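Trainee: Have a look at this one.
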Amino acid sequence: MEIKSISEVEEYNQQGKVLFSIEKYDEAIEMYKKAENKDPMFLDTYFNLGEAYVMLDKYDKAKESFNKVLLIDKKNAITYFHLGNVEFLLDNNDMGREYYAKAINNGYDDAQLYVNLANLAEEAGNDEEAIKNYNKAILRDKFRSDAKLHKAMICIDDNKYQEALQTLDNMIEFNPEVFEGHHYKVLVNIEIGNYLEAEISLKKARALFPDDDGFILDKVTLLEKQGKYDEALDIIDTRYNNTEDRTILLEKAEILLAKERIDESVLLYEKVKESEESFDDETRFYLINIYMNIDKISKALDYSKEIIANGDQNSFYFAAVYYRALCLGRLGKTVESKVAYEEAIKIFRFASSANPGMLDIVVYRAMCYKELKNYDKAFEMVNYLLAIDEDMGEVYLIRAELYQELNEIDKAEADRSTAAVKGKVLGTLINSSSK
């Protein structure tokens with residue numbers, strides 16, 4: 001019987017990998033160093049060292065180790081990939097992309113590389129580049145559910161619902177065990193008004209995940225969108241009686257609001273806000289809308305100021321900046337309101353350049369110009385938005401308000417009709433601004 005032998009260098013590397021696998025990275029490095037002392041030209045040693053140093057956040061040492069691999073084999077594609085990862089961890093994104101390009105040029109074609117590039121593009125707000133790279137990842141690994149889910153979410157955010165549904169169908173075909181594929185397919189069909197397909201998808205999902213409460217809430221959402229408020233409320237009251245779950249309470253509050261049970265709805269929203277573990281800007285946003293429409297303007301103003309003071313510059317923050325000015329105007333504080341609108345425009349202008357994909361910021365800016373009667377700038381914002389997406393119903397509604405103020409009644413009516421056809425509008429916001 002032939003006895004196979006193993007060199008000391010290989011043995012030290014194997015022992016190092018065992019230690020690495022149980023997260024004993026310092027001990028693993030000691031083994032790899034022993035291997036290096038035995039044979040300074042053994043390529044795997046430096047690669048393994050690089051990986052261990054990364055886990056200890058010792059990025060300079062990691063780069064030094066990976067570069068030693070390249071001194072031995074300059075075409076080692078996976079090492080370029082790892083060097084790229086280190087640069088990305090150090091926020092050196094341009095250098096990271098350069099290493100990734102070298103990895104690809106030397107034959108490294110793993111799906112993870114394209115997922116990483118897509119994540120970077122997504123963080124930068126470059127949806128087109130992100131989708132292109134997610135597609136490359138999916139092409140190389142049809143089971144990458146994370147890539148499919150990210151792609152679907154981008155499509156949903158960009159109102160590309162059919163592309164989102166195609167991606168989710170592919171996800172369900174190859175990753176049927178992943179809850180999110182079924183969940184978002186239901187929600188997208190609800191969003192586009194395809195209630196029958198939503199119902200079919202929901203039944204299939206509940207058969208696969210009989211114990212998952214998420215699909216119960218999807219059923220509630222479907223009933224709510226169909227205007228079957230009593231059925232939706234019955235499910236919540238039966239299944240979630242006395243619940244303190246924030247998501248369920250907010251859903252119930254929304255249904256009560258739709259049924260015009262305003263006082264009960266407000267009480268629930270306030271209850272959710274009072275029980276917050278961290279600052280709850282979303283619930284405050286809902287309360288602002290309600291208080292604006294029931295003429296409790298001071299309450300709406302207070303919550304707007306709270307969101308602004310919190311300083312988290314998300315969509316609720318930008319809405320609150322607009323609402324602050326609107327509330328001041330509704331309270332008869334004309335000078336303060338004018339100053340607030342002008343300040344809001346400055347905030348929105350800067351935020352738009354930093355977040356070009358957040359079109360709601362431009363919407364709010366257009367409404368600020370409208371309130372200041374700067375119609376030329378308001379039309380400029382509106383036409384810019386429609387050049388990007390001609391299906392933005394709320395924008396036609398803003399333009400209708402502008403035409404109305406300019407006494408161009410026929411144009412105003414035409415835009416109102418278009419807004420109704422296009423569907424989703426910021427109805428509450430526009431209605432509030434016109435009071």
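Trainee: Find the residue count for the stretch 310-343, including only residues that are more than 24 Å from Asp157 (Cβ to Cβ) and either surrounded by 20 or more Cβ atoms within 10 Å (Cβ to Cβ) or not aliphatic (A, V, I, L, M) (or both).
Mentor: Keep residues of the stretch 310-343 that are more than 24 Å from Asp157 (Cβ to Cβ), which gives 324-343.
From what is left, the residues that are either surrounded by 20 or more Cβ atoms within 10 Å (Cβ to Cβ) or not aliphatic (A, V, I, L, M) (or both) are 324-330, 332-334, 336-338, 340-343.
Residues flagged as more than 24 Å from Asp157 (Cβ to Cβ) and either surrounded by 20 or more Cβ atoms within 10 Å (Cβ to Cβ) or not aliphatic (A, V, I, L, M) (or both) within the stretch 310-343 amount to 17.
Trainee: Hey, another quick one. From the list Ile29, Ile72, Ile6, which one is without any contact (Cβ under 8 Å) to a residue 12 or more places away in the chain and out of contact with any Gly (no Cβ under 6 Å at 6 or more places or on another chain)?
Mentor: Values: Ile29 fails: without any contact (Cβ under 8 Å) to a residue 12 or more places away in the chain; Ile72 fails: without any contact (Cβ under 8 Å) to a residue 12 or more places away in the chain.
Going through Ile29, Ile72, Ile6 in turn, the sole match is Ile6.
Trainee: With the condition kept exactly as written, say whether any residue in the stretch 326-344 is at pLDDT 90 or above and under 30 Å from Glu123 (Cβ atoms).
Mentor: We begin by selecting, within the stretch 326-344, every residue at pLDDT 90 or above; these are 326-344.
Those left that are additionally under 30 Å from Glu123 (Cβ atoms): 343-344.
The answer is yes, given that some residue of the stretch 326-344 is at pLDDT 90 or above and under 30 Å from Glu123 (Cβ atoms).
Trainee: Run Ser275 past the list (1) modelled with pLDDT under 95; (2) surrounded by 15 or more Cβ atoms within 10 Å (Cβ to Cβ); (3) over 23 Å from the mean Cα position of the chain (by Cα) and report the number of the one that doesn't hold.
Mentor: If we test Ser275 against (1) modelled with pLDDT under 95; (2) surrounded by 15 or more Cβ atoms within 10 Å (Cβ to Cβ); (3) over 23 Å from the mean Cα position of the chain (by Cα), just (2) comes out false.
Trainee: In this structure, is Ser352 of a type in the set (S, T, N, Q) and touching a residue at least 12 places away in the same chain (Cβ under 8 Å)?
Mentor: Numbers: of a type in the set (S, T, N, Q): yes; touching a residue at least 12 places away in the same chain (Cβ under 8 Å): yes.
Yes; evaluated as a whole, the condition is true for this residue.
Trainee: Here's another thing I want to ask about it. Regarding Ala198, is this residue among the small types (Gly, Ala, Ser) and crowded, with 19+ Cβ neighbours inside 10 Å? Even if it seems obvious, please write down each step before you answer.
Mentor: Numbers: among the small types (Gly, Ala, Ser): yes; crowded, with 19+ Cβ neighbours inside 10 Å: yes.
Criteria met by Ala198.
Trainee: Since Pro210 meets every condition but one in (1) over 28 Å from Met358 (Cβ atoms); (2) assigned to a helix (DSSP H, G or I), which condition does it not meet?
Mentor: For Pro210, the failing item is (2).
Trainee: Which helices (runs of 4 or more DSSP H) does the stretch 1-78 wholly contain that include 3 or more residues that are among the aromatic types (Phe, Trp, Tyr)?
Mentor: On the way: elements: 8-21, 25-38, 43-55, 59-72.
Fully inside the stretch 1-78 and qualifying: 43-55.
Trainee: What residue, of Leu120, Leu149, is crowded, with 16+ Cβ neighbours inside 10 Å and out of contact with any helix residue (DSSP H, G or I) (no Cβ under 6 Å at 6 or more places or on another chain)? Don't jump to the end; show me each part of the working.
Mentor: Numbers: Leu149 fails: out of contact with any helix residue (DSSP H, G or I) (no Cβ under 6 Å at 6 or more places or on another chain).
Just one listed residue meets the conditions, Leu120.
Trainee: Do you know which residues across the stretch 113-131 are more than 14 Å from Tyr100 (Cβ to Cβ) and modelled with pLDDT of 95 or more? Break it down into steps so the answer makes sense when it comes.
Mentor: Applying the first criterion (more than 14 Å from Tyr100 (Cβ to Cβ)) to the stretch 113-131 yields 122-128, 130-131.
Result: Ala130, Ile131.
Trainee: Also, quick follow-up: Against the conditions (1) farther than 28 Å from Asp169 by Cβ; (2) in a helix (DSSP H, G or I); (3) not β-branched (Val, Ile, Thr), where does Asn242 fall short? Just the number, please.
Mentor: (2)
Trainee: Can you tell me which residues in the stretch 387-398 are over 13 Å from Ala420 (Cα atoms) and in contact (Cβ under 8 Å) with a residue 12 or more places away in the chain?
Mentor: Our first condition is that a residue be over 13 Å from Ala420 (Cα atoms); within the stretch 387-398, this holds for 387-390.
Across the stretch 387-398, the qualifying residues are Ile388, Asp389.
Trainee: Something else now. Go through (1) over 26 Å from the mean Cα position of the chain (by Cα); (2) surrounded by fewer than 18 Cβ atoms within 10 Å (Cβ to Cβ); (3) farther than 19 Å from Asn289 by Cβ; (4) modelled with pLDDT under 95 for Ser434 and report which single condition fails.
Mentor: Condition not satisfied by Ser434: (3).
Trainee: Any residue that is without any contact (Cβ under 8 Å) to a residue 24 or more places away in the chain and either assigned to a helix (DSSP H, G or I) or touching a Leu at 6+ places or on another chain (Cβ under 7 Å) (or both) - is there at least one of those in the stretch 367-374?
Mentor: Kept after step one, since they are without any contact (Cβ under 8 Å) to a residue 24 or more places away in the chain, are these residues of the stretch 367-374: 374.
This time we only want the ones that are either assigned to a helix (DSSP H, G or I) or touching a Leu at 6+ places or on another chain (Cβ under 7 Å) (or both), so: none.
Looking for residues that are without any contact (Cβ under 8 Å) to a residue 24 or more places away in the chain and either assigned to a helix (DSSP H, G or I) or touching a Leu at 6+ places or on another chain (Cβ under 7 Å) (or both), one finds none in the stretch 367-374, hence no.
Trainee: Go through (1) within 39 Å of the chain's Cα centre (by Cα); (2) free of Cβ contacts under 8 Å to residues at least 24 places away in the same chain; (3) surrounded by fewer than 15 Cβ atoms within 10 Å (Cβ to Cβ) for Pro40 and report which single condition fails.
Mentor: All conditions are met except number (1).
Trainee: Is the stretch 401-421 home to any residue that is under 28 Å from the mean Cα position of the chain (by Cα), loosely packed, with under 14 Cβ neighbours inside 10 Å and assigned to a helix (DSSP H, G or I)?
Mentor: The first filter runs over the stretch 401-421 and keeps only residues under 28 Å from the mean Cα position of the chain (by Cα), leaving 419-421.
Within this subset, residues satisfying the condition of being loosely packed, with under 14 Cβ neighbours inside 10 Å are 420-421.
Still in the list and also assigned to a helix (DSSP H, G or I): 420-421.
There is at least one residue in the stretch 401-421 that is under 28 Å from the mean Cα position of the chain (by Cα), loosely packed, with under 14 Cβ neighbours inside 10 Å and assigned to a helix (DSSP H, G or I).
Trainee: Pairs, please: C-beta under 9 Å, at least 6 apart or cross-chain, first residue under 16 Å from Asp263 (Cβ atoms) and in the stretch 274-295, second assigned to a loop (DSSP other than H, G, I, E, B) and at pLDDT 95 or above?
Mentor: Sorted first by the residue in the stretch 274-295, then by its partner, the pairs are Ile290/Lys296.
Trainee: Does the stretch 301-309 include one or more residues that are of a type in the set (S, T, N, Q) and either loosely packed, with under 15 Cβ neighbours inside 10 Å or under 24 Å from Asn159 (Cα atoms) (or both)?
Mentor: Keep residues of the stretch 301-309 that are of a type in the set (S, T, N, Q), which gives 304.
Applying the additional criterion that residues be either loosely packed, with under 15 Cβ neighbours inside 10 Å or under 24 Å from Asn159 (Cα atoms) (or both) yields none.
No.
Trainee: Also: Keeping to the stretch 45-99, report how many residues are crowded, with 18+ Cβ neighbours inside 10 Å and charged (D, E, K, R).
Mentor: 4
Trainee: Mind checking which residues of the stretch 170-190 are under 20 Å from Ala118 (Cβ atoms), assigned to a helix (DSSP H, G or I) and touching a helix residue (DSSP H, G or I) at 6+ places or on another chain (Cβ under 7 Å)? Give the steps one after another, and end with the answer.
Mentor: Step one: filter the stretch 170-190 for residues under 20 Å from Ala118 (Cβ atoms), giving 170-171, 174-175, 178, 180-181, 184.
Still in the running and assigned to a helix (DSSP H, G or I): 170-171, 174, 180-181, 184.
Residues satisfying the conditions are Asn170, Met171, Glu180, Gly181, Tyr184.
Trainee: Here's another thing I want to ask about it. Any idea which residue in the stretch 278-300 is surrounded by the fewest Cβ atoms within 10 Å (Cβ to Cβ), counting only those that are outside any helix (DSSP H, G or I) and over 21 Å from the mean Cα position of the chain (by Cα)? Steps first, please.
Mentor: First, the residues of the stretch 278-300 that are outside any helix (DSSP H, G or I): 278-280, 294-296.
Imposing the further condition that a residue be over 21 Å from the mean Cα position of the chain (by Cα) reduces the set to 294-296.
Values: Ile294: 13, Asp295: 11, Lys296: 15.
Filtering first and then ranking leaves Asp295.
The values are calculated or read from the model by the stated rules, or taken from the named source; none is laboratory data. Being a predicted model, the structure only gives us computed values, none of them experimental. In this analysis, Cβ positions are derived from the backbone assuming ideal geometry, glycine residues included, and neighbour counts consider all displayed protein chains.
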